Amino acid sequence: MSESEGQIVAPTPGMSQMQRVISIFSAPSKTFEDIKRGNKSWWMPFLIMVIVGYLFFGVVASKITMQTVVDNQMKLASEKQQEQMAKATPEQREMTAKISLYVTEGVFIASPLFVLAVAAVVSLVLWGTINFVFGGKASFGTIFAMWFFANLPANIKSLLGIIVIFVSDTPETFNIKNFAPTNVGAFLPVMETNHAVYSLATSLDIVSIWCMVVMSIGLATVAGVKRSSGYIAVFGWWAIIVLFGVGMAAIQG
């Protein structure tokens, strides 16, 4: 046996949680290679999402108020929804307003649970797609961890939203569904724009596309397939969701 054959190669040490977070914005492949090696911990990006999410919630509640958020959404409702509201009795409208307020507050408060649920569902879909369609070999847990790190850039949109709230003096125009100028829809007049066109315009979001590019790289890396397969899987599902949203907006008028 030669000296080189007798040597034991020490395993490559894993990256720290903070190194993996920073690498997502500079060299995402390093983070995903680390996840592929078995370092599947995802608590750091999840914690960052929760902190930024509650920070955004606090700013909205204090500077805009949740009642204004609900009132603004009612103003932006589709024609069919507005017609239904007009036909309702004052008591029914008041009850609808209260339920909408409770639901809006509940969604914000329970946002960590919604993040976990979305991560689980999307990871399951991507796991099935990349493994059974493209011949990948990724485990669900690996893709689950990858999803959290790939979506770290989304926090930038929430931070931009906070800045917009502080510099704007017109809370009555605040749109909780499109609160940051990161997409084409943010520059269109909501009330005058066709609902289907507006839905498509808001889908063309630079932060969301950034996340999907990073996710495509991550999916291909952890599954051991060509990067093009990752792009097709991620953007293919995105296209389906966008078309569904545009279609629903067109139906609702």
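The values are calculated or read from the model by the stated rules, or taken from the named source; none is laboratory data. As the structure is a prediction and not an experimental result, all values here were calculated from the model. Ideal geometry is used to build each Cβ from the backbone, glycine not excepted, and the neighbour counts take in all protein chains shown.
Here are the numbers for this structure:
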read-out	value
Residue 141 vs. criteria surrounded by fewer than 21 Cβ atoms within 10 Å (Cβ to Cβ), modelled with pLDDT of 95 or more and not in a helix (DSSP H, G or I)	no
Residue in the stretch 43-55 that is among the small types (Gly, Ala, Ser), modelled with pLDDT under 95 and surrounded by 11 or more Cβ atoms within 10 Å (Cβ to Cβ) present	no
Restricting the stretch 85-115 to residues that are within 23 Å of residue 148 (Cα to Cα) and exposed (fewer than 15 other Cβ atoms within 10 Å of the Cβ), the residue that is modelled with the lowest pLDDT	107
Number of positions in the stretch 186-204 that are crowded, with 16+ Cβ neighbours inside 10 Å and touching a strand residue (DSSP E or B) at 6+ places or on another chain (Cβ under 8 Å)	3
Those residues of the stretch 12-38 which are touching a residue at least 60 places away in the same chain (Cβ under 8 Å) and over 20 Å from residue 112 (Cα atoms), in sequence order	20, 24, 25, 28, 29, 31, 32, 33, 35, 36
Unique match (being at pLDDT 90 or above and either acidic (Asp, Glu) or under 24 Å from residue 140 (Cβ atoms) (or both)) among 204, 219, 243, 200	219
Output for the stretch 221-237, where each listed residue is part of a helix (DSSP H, G or I), touching a residue at least 24 places away in the same chain (Cβ under 8 Å) and crowded, with 16+ Cβ neighbours inside 10 Å	221, 222, 223, 229, 230, 232, 233, 234
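For (1) touching a residue at least 40 places away in the same chain (Cβ under 8 Å); (2) of a type in the set (Ser, Thr, Tyr); (3) within 30 Å of residue 246 (Cα to Cα), each residue gets a yes or a no:
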site: 57; (1), (2), (3): yes, no, yes
site: 62; (1), (2), (3): no, yes, no
site: 70; (1), (2), (3): no, no, yes
site: 89; (1), (2), (3): no, yes, no
site: 93; (1), (2), (3): no, no, yes
site: 96; (1), (2), (3): no, yes, yes
site: 110; (1), (2), (3): no, no, yes
